[in-house]
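Asks: I am attaching a structure below and will ask some questions about it afterwards.
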Amino acid sequence: MVVIGGGLAGITAALTAAEAGVEVTLLEGRPRLGGATFSLNRDGMWLDNGQHVFLRCCTEYLAFLDRIGSADKVYLQPRLQVPVRTPWGTRAELRRSALPAPFHLSSTLARYPLLTMAGRARVGLAALALRRLDPTDPALDEITFAAWLDRFKVTAREREAMWDLIGIATLNLPATEASLAMAVKVFRTGVLDRNDGADIGWSLVPLQELHGDAAGRALDRAGVRVRVRARVQAIDPGPDGFAIDVDGERLAADAVVLAVPHHDAARLLPPRSLLLDGVRSDPTLLAGLGTSPIVNLHVVYDRPVLDTPLACGIGGPVQWMFDRSAGHGLEPGRYVAVSLSAATTEIDLTSARLRDRFVPELARVLPAARAARIERFVVTKERAATFRPAPGSGRLRPGPRTAVPGLALAGAWTATGWPATMEGAVRSGLSAAHEALPHLGRTRAIPERTTPL
Ligand SMILES: Cc1cc2nc3c(=O)[nH]c(=O)nc-3n(C[C@H](O)[C@H](O)[C@H](O)COP(=O)(O)OP(=O)(O)OC[C@H]3O[C@@H](n4cnc5c(N)ncnc54)[C@H](O)[C@@H]3O)c2cc1C
């Protein structure tokens, strides 16, 4: 089997197939594994291309970390706790209790100073109604999350203070643009169905070390042949399998898992091989999934400015902030990574413009930053960080099966039921391996999934 793409989806598919006794080659176009999760060296300092977090409900991602030997390199909050900061000085906190869902958030909602009494009631009512919605109902993919919140008379301010705080970071779109179906998935699975689903986790080491490098060793142990700097140009299905064009060479494969971003899949899929709702479709339709950017600002101050491991900004352009000082020889609170999701404005601004705009804004939400000097200001941009989970996107997300037997699709953009996340990527890799394996003479049992996908 050949797996094309060395992100979390491709790595998972390759490991799963190899563990089933299949001979696997993984082809990755870039010089490293890890896909959209990587680290880069800027003037001797290792920075992640973008802050990545996961939630306790990301069970397959956690199992993936275990599988590649990285489970001890992440931290997972014992209980959800998010400090919230505003430019006008309010310090709030979202924290869950040990009560069962949905009561685990009632005391934090009752005390949340960024909502009025009436606003809390509206948010609470909407949350209870949201719990009764089914994210797989196609009707929910026809409207935006904001249009649905309007039915509860939730104001724009309440939306920002409560729903967008979580929604923008997980969906990479604001409620005004995101599909209700995807929002229901995130809020039900993460926040409302279980009391511990939204406990937040993050890496204690650079992403490259957490995923790509550790996965390289796990793939090696599993006997997978990994080729980096191997960019596939074409996949030709034939009567006896597939011919894969990679840098002037033709490789033969009896099955293929294509685990590349959707714009690359649109180019590589054979004509009319895409199956959307069981109908053979033109792969160019995948362009309709669009892209949504993420920008990260890496700001190193000469003194501590952030007194918590993470915090969320509300009421200004600053979104989530993370203390990344550890591992850089810096005392806590000095290296702040600011993650800007749905960054359609910021993606086209120069580093100098971003610095002019965000340094004063950071000083407004982090008072200690006002007197601090900035030692380093680095910007990382990902223009096509995720697809846009807008209304109608559900129809454009194929499952792992294609119209060509033996050719399976993986990637966070496929129909995983999740938005474009690490959890979705891992789930898609498992599904694609399970789709492709029956086409091969595998020698061992297909590994069980840990949870239903
Ligand atoms: C800045 C940023 C922040 C994010 N934050 C979070 C977060 O906090 N939490 C979260 O869960 N998710 C987050 N995500 C999303 C998450 O990183 C992705 O959804 C996930 O990593 C995608 O994995 P994948 O394997 O599906 O695709 P990718 O990681 O994109 O992997 C696809 C691979 O295919 C390779 N490829 C493409 N074309 C070819 C070709 N022709 N031949 C060979 N190889 C090819 C690419 O080089 C790439 O390595 C974030 C993403 C970004 C960019």
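The values are calculated or read from the model by the stated rules, or taken from the named source; none is laboratory data. All values reported here derive from a predicted model rather than from experimental measurement. Virtual Cβ from ideal backbone geometry, glycine too; neighbours counted across all protein chains shown. In case anyone asks, the SASA skips ligands and DNA or RNA and just uses the protein heavy atoms, side chains included. Shrake-Rupley method; radii C 1.70, N 1.55, O 1.52, S 1.80 Å.
Asks: If you take the residues in the range 40-55 that are part of a loop (DSSP other than H, G, I, E, B) and in contact with a helix residue (DSSP H, G or I) (Cβ under 8 Å, 6 or more places away or on another chain), which one is farthest from residue 413 (Cα to Cα)?
Replies: 49
Asks: Continuing with this model, one more query. Under the condition of being within 9 Å of the ligand (Cβ to nearest atom) and small (Gly, Ala, Ser), which residue from the range 254-297 is surrounded by the fewest Cβ atoms within 10 Å (Cβ to Cβ)?
Replies: So the residue we want is 265.
Asks: Open to solvent by 10 Å² or more (accessible area, probe 1.4 Å) and not small (Gly, Ala, Ser): which single residue out of 74, 24 fits that description?
Replies: 74
Asks: Output the residues belonging to the range 358-380 that are out of contact with any Pro (no Cβ under 7 Å at 6 or more places or on another chain), open to solvent by 50 Å² or more (accessible area, probe 1.4 Å) and under 24 Å from residue 174 (Cβ atoms).
Replies: Matches in the range 358-380: 360 only.
Asks: OK, next. Are any residues in the range 310-327 free of Cβ contacts under 8 Å to residues at least 40 places away in the same chain and open to solvent by 30 Å² or more (accessible area, probe 1.4 Å), and if so, which ones?
Replies: 323, the sole residue that qualifies.
Asks: Next question, about the same structure. Which one of 178, 161 is within 16 Å of the ligand (Cβ to nearest atom), touching a residue at least 60 places away in the same chain (Cβ under 8 Å) and aliphatic (A, V, I, L, M)?
Replies: Criteria check complete, one pass: 178.
Asks: Wholly within the range 196-276, which strands (runs of 3 or more DSSP E) include no fewer than the required count, namely at least 2 residues that are touching a helix residue (DSSP H, G or I) at 6+ places or on another chain (Cβ under 9 Å)?
Replies: 200-203, 225-227, 232-238, 256-258, 274-276
Asks: Right, something else. Looking at (1) β-branched (Val, Ile, Thr); (2) within 16 Å of the ligand (Cβ to nearest atom); (3) modelled with pLDDT of 95 or more, can you tell me which one residue 154 breaks?
Replies: (2)
Asks: Still on this model: Kindly provide the set of residues from the range 17-39 that are part of a strand (DSSP E or B) and farther than 18 Å from residue 326 by Cβ, ordered by number.
Replies: Those that are part of a strand (DSSP E or B) and farther than 18 Å from residue 326 by Cβ: 25, 26, 27.
Asks: Please specify each residue of the range 4-47 satisfying the condition of being among the acidic types (Asp, Glu) and more than 6 Å from the ligand (Cβ to nearest atom).
Replies: If the condition is that a residue be among the acidic types (Asp, Glu) and more than 6 Å from the ligand (Cβ to nearest atom), then 19, 23, 43 are the ones that fit.
Asks: Also, quick follow-up: Determine whether residue 94 is more than 11 Å from the ligand (Cβ to nearest atom) and open to solvent by 10 Å² or more (accessible area, probe 1.4 Å).
Replies: Answer is yes for this residue.
Asks: Condition first: modelled with pLDDT under 90 and within 19 Å of residue 401 (Cα to Cα). Now tell me which residues in the range 420-446 satisfy that.
Replies: Matches in the range 420-446: 438, 439, 440, 441, 442, 446.
Asks: Of all residues in the range 415-429, which are in contact (Cβ under 8 Å) with a residue 24 or more places away in the chain, part of a loop (DSSP other than H, G, I, E, B) and either open to solvent by 20 Å² or more (accessible area, probe 1.4 Å) or farther than 12 Å from residue 172 by Cβ (or both)?
Replies: Answer for the range 415-429, where residues must be in contact (Cβ under 8 Å) with a residue 24 or more places away in the chain, part of a loop (DSSP other than H, G, I, E, B) and either open to solvent by 20 Å² or more (accessible area, probe 1.4 Å) or farther than 12 Å from residue 172 by Cβ (or both): 416, 417, 418, 420, 421.
Asks: Look at residue 342 and say whether it is hydrophobic (A, V, I, L, M, F, W, C), outside the structural domain of residue 169 (by TED's automatic domain parsing) and within 12 Å of the ligand (Cβ to nearest atom).
Replies: Yes, satisfied.
Asks: Hey, residue 202 hits all of (1) closer than 30 Å to residue 78 by Cβ; (2) open to solvent by 40 Å² or more (accessible area, probe 1.4 Å) but one; which does it fall short on?
Replies: Only one criterion in (1) closer than 30 Å to residue 78 by Cβ; (2) open to solvent by 40 Å² or more (accessible area, probe 1.4 Å) is unmet by residue 202, namely (2).
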